[in-house]
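Colleague: Can you read through this structure? Questions will come right after.
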Amino acid sequence: MQKKILLIGFVLMVASTLQLKAQYAKADNTYKRWFVGSTIFLLGNLAPTNPPDFVQLNLGYRMTGKDVIALEAKTWKYAWPNGIHPFFNKAYGKPEEKFPGYVREYGVSVVYQRFLQKGLYAELNVMPTLQRFVNDNGNKVGNGFQIFNTYRVGYHIKLFKDRFFIQPSIAITHRAYHTKMPDGFKQLDDKWPKFVFGEPGFHFGFNF
């Protein structure tokens, strides 16, 4: 159910904006340089089972019309390995692939976006995270650290005279490094790859 809510929301938002244009002229210095935002995947918190308790807040700065840097503060929990595609792999959500508890993560991403043509952009997102492993009884069984990278291609769409924007995207996620997981978590995680291809994204924001 959680996967269906997120996927339906993403598809509807993308479909409603396909005809819009975007981005900032290289010589234009009148655009607002700062923005705050988040992601549509906050809707996942409405899932009736296994909600991720997900929170994300973005703060960004447009250095030029083509170069953007940002910070993304995030926290969430998950009970299935990150190597399982959450939308397209049927193993996600199966009881036999579930961790003996869940992982709670806290991280801050460092983001660089480069606009290639009109609203089309490429993004590198590097996120170090602190991990807390919790068993099915609600007790902490370990701590960890992870570096989680996202390689993203998306499209920036201006709305309401550039007061707001949305960014539908597609990404490759990469668990570049993580410390050893507790027993029970490690055995399930080791079954799955460090890369996941084709994860959808949908950011939104307010310019100021």
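Colleague: Consider only pairs whose beta carbons are under 6 Å apart and that are at least six residues apart or on different chains; among these, list those whose first residue lies in segment 191-208 and is closer than 12 Å to Ile157 by Cβ and whose second residue is outside any strand (DSSP E or B) and among the β-branched types (Val, Ile, Thr).
Modeller: Short answer, once both residue conditions are applied: Phe202/Ile40.
Colleague: Oh, and also: Does Gln56 count as modelled with pLDDT under 95, of a type in the set (S, T, N, Q), surrounded by 15 or more Cβ atoms within 10 Å (Cβ to Cβ) and over 23 Å from Phe185 (Cα atoms)? Don't jump to the end; show me each part of the working.
Modeller: On the way: modelled with pLDDT under 95: no; of a type in the set (S, T, N, Q): yes; surrounded by 15 or more Cβ atoms within 10 Å (Cβ to Cβ): yes; over 23 Å from Phe185 (Cα atoms): yes.
Spelling it out, it is not the case that Gln56 is modelled with pLDDT under 95, of a type in the set (S, T, N, Q), surrounded by 15 or more Cβ atoms within 10 Å (Cβ to Cβ) and over 23 Å from Phe185 (Cα atoms).
Colleague: So which of Asn82, Asn89 is under 21 Å from Arg175 (Cβ atoms), of a type in the set (S, T, N, Q) and either without any contact (Cβ under 8 Å) to a residue 24 or more places away in the chain or surrounded by fewer than 16 Cβ atoms within 10 Å (Cβ to Cβ) (or both)? Working first, answer last.
Modeller: Working: Asn82 fails: either without any contact (Cβ under 8 Å) to a residue 24 or more places away in the chain or surrounded by fewer than 16 Cβ atoms within 10 Å (Cβ to Cβ) (or both).
Criteria check complete, one pass: Asn89.
Residues checked against (1) at pLDDT 95 or above; (2) in contact with a Phe, Trp or Tyr (Cβ under 8 Å, 6 or more places away or on another chain):
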{"site": "Thr17", "(1), (2)": "no, no"}
{"site": "Ala22", "(1), (2)": "no, yes"}
{"site": "Lys26", "(1), (2)": "no, no"}
{"site": "Tyr31", "(1), (2)": "no, yes"}
{"site": "Ser38", "(1), (2)": "yes, yes"}
{"site": "Leu42", "(1), (2)": "yes, yes"}
{"site": "Pro51", "(1), (2)": "no, no"}
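Colleague: Right, next: Residues of segment 56-79 being hydrophobic (A, V, I, L, M, F, W, C) and either outside any loop (DSSP other than H, G, I, E, B) or within 15 Å of Phe204 (Cα to Cα) (or both), which ones? Steps first, answer last, please.
Modeller: Residues of segment 56-79 hydrophobic (A, V, I, L, M, F, W, C): 57, 59, 63, 68-71, 73, 76, 79.
Result: Leu57, Leu59, Val68, Ile69, Ala70, Leu71, Ala73, Trp76.
Colleague: Of everything in segment 38-56, what is free of Cβ contacts under 8 Å to residues at least 60 places away in the same chain and within 11 Å of the chain's Cα centre (by Cα)? Give them in sequence order.
Modeller: Of all residues in segment 38-56, those free of Cβ contacts under 8 Å to residues at least 60 places away in the same chain come to 42-56.
Those that are free of Cβ contacts under 8 Å to residues at least 60 places away in the same chain and within 11 Å of the chain's Cα centre (by Cα): Leu42, Phe54, Val55, Gln56.
Colleague: Give the residue, chosen from Phe148, Phe133, Phe185, Phe99, that is under 17 Å from Pro81 (Cα atoms), crowded, with 20+ Cβ neighbours inside 10 Å, modelled with pLDDT of 95 or more and touching a Leu at 6+ places or on another chain (Cβ under 7 Å).
Modeller: Values: Phe148 fails: touching a Leu at 6+ places or on another chain (Cβ under 7 Å); Phe133 fails: touching a Leu at 6+ places or on another chain (Cβ under 7 Å); Phe185 fails: touching a Leu at 6+ places or on another chain (Cβ under 7 Å).
Every option except Phe99 fails the conditions.
The values are calculated or read from the model by the stated rules, or taken from the named source; none is laboratory data. Because the structure is predicted, anything quoted here is derived from the model rather than measured. Quick reminder, even Gly has a Cβ in these numbers, built from the backbone with ideal geometry, and neighbours come from all protein chains shown.
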